[in-house]
1. Could you list, in sequence order, the residues of the stretch 20-63 that are on the phi > 0 side of the Ramachandran plot and open to solvent by 40 Å² or more (accessible area, probe 1.4 Å)?
2. Quick one: which strands (runs of 3 or more DSSP E) lie wholly within the stretch 127-175 and hold at least 1 residues that are without any contact (Cβ under 8 Å) to a residue 40 or more places away in the chain?
3. For the stretch 97-126, enumerate the residues that are free of Cβ contacts under 8 Å to residues at least 40 places away in the same chain and touching an Asp or Glu at 6+ places or on another chain (Cβ under 9 Å).
4. Does ALA214 satisfy the criteria of being part of a strand (DSSP E or B), out of contact with any Cys (no Cβ under 8 Å at 6 or more places or on another chain) and open to solvent by 40 Å² or more (accessible area, probe 1.4 Å)?
5. State which residue is most open to solvent (accessible area, probe 1.4 Å) when the search covers only the stretch 152-197 and only residues that are out of contact with any helix residue (DSSP H, G or I) (no Cβ under 9 Å at 6 or more places or on another chain), of a type in the set (A, V, I, L, M) and under 16 Å from ASP86 (Cα atoms).
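The values are calculated or read from the model by the stated rules, or taken from the named source; none is laboratory data. These numbers come from a predicted model, not from an experiment. Backbone-built Cβ (ideal geometry, glycine too); neighbour counts: all protein chains shown. For the accessible areas, the whole protein counts, side chains as well, though only heavy atoms, and no ligand, DNA or RNA atoms are used. Shrake-Rupley method; radii C 1.70, N 1.55, O 1.52, S 1.80 Å.
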Amino acid sequence: PPPVGSYRDQVLADAPGAYWRLGELSGTNAADELAGAPGRYLSGTMLGVAGALTGDANTAVQLDGGDDRIDMGDPVDGRLDFGADDFSVEAWVKGTANDERAIISKRPYSATPPPFWQLTVTDDGSQIGRIRVNYGDGTMTREVYGPAVRVDDSNWHHVVVLFDRDTGISIYVDGTNVRANPGPIPGSVSNTGSLIIGKSPGYGQFRGQLDEIALYPALLTPEQIQAHYSAGTNGPPEDTTAPVTTVDLGPPALTNSTA
């Protein structure tokens, strides 16, 4: 099992609804650590590339920007649909393409805007290379760009998006860089589309590497986000417990006794 205090431990302690480590070395199945939303690697997704986490041998996936993607479906228990509730999305991203590319989405194919949400790496104007988030309830939509940190620079970046239904979207990159967009969306974002990693209808598919993707049916706190980033970049804490030692004193000494 992973050491106490590992990145995986911290994610699971914060109660995700689904968590894909993307660490398979072969096959087409992408395991969910919660077992409720396993996915499928499609179109030759490259498995077993070096992962994002320091001190963790678990691997990541590489997507070619053409047709590679990971389809998690739309589980009947609704764990990937959040209705009108708050939720959070977390991922490690290593982009290599300087154009609009989808990281993850829950968006059906439709001629009219359905309820949806998505994360992309954008090429918009002065925002090139930043995270862009869009979501809507079928009536209104919101958009926000992440902080001034490019995630298409071939380096790993920790990305967390908070969907606060009362106030708007907050985007964290690498723990402390944050940008927020005020503006509530009161309606439901639930839909019948598949949750897809690396693709969103109408957008280019992701080119680069992805790792450790988790969805939470609540808002992560700034302290939790920083703790996850620190665990991912610094590795698990060292075990400072002193070893238990024993001393062999030999057989007990014989003593004289009198009746």
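1. Within the stretch 20-63, GLY27, ALA35, SER43, GLY44, GLY55 qualify.
2. In the stretch 127-175, 131-137, 141-145, 168-173 are the strands (runs of 3 or more DSSP E) which contain 1 or more residues that are without any contact (Cβ under 8 Å) to a residue 40 or more places away in the chain.
3. Result: THR122, ASP123, ASP124.
4. no
5. ALA180
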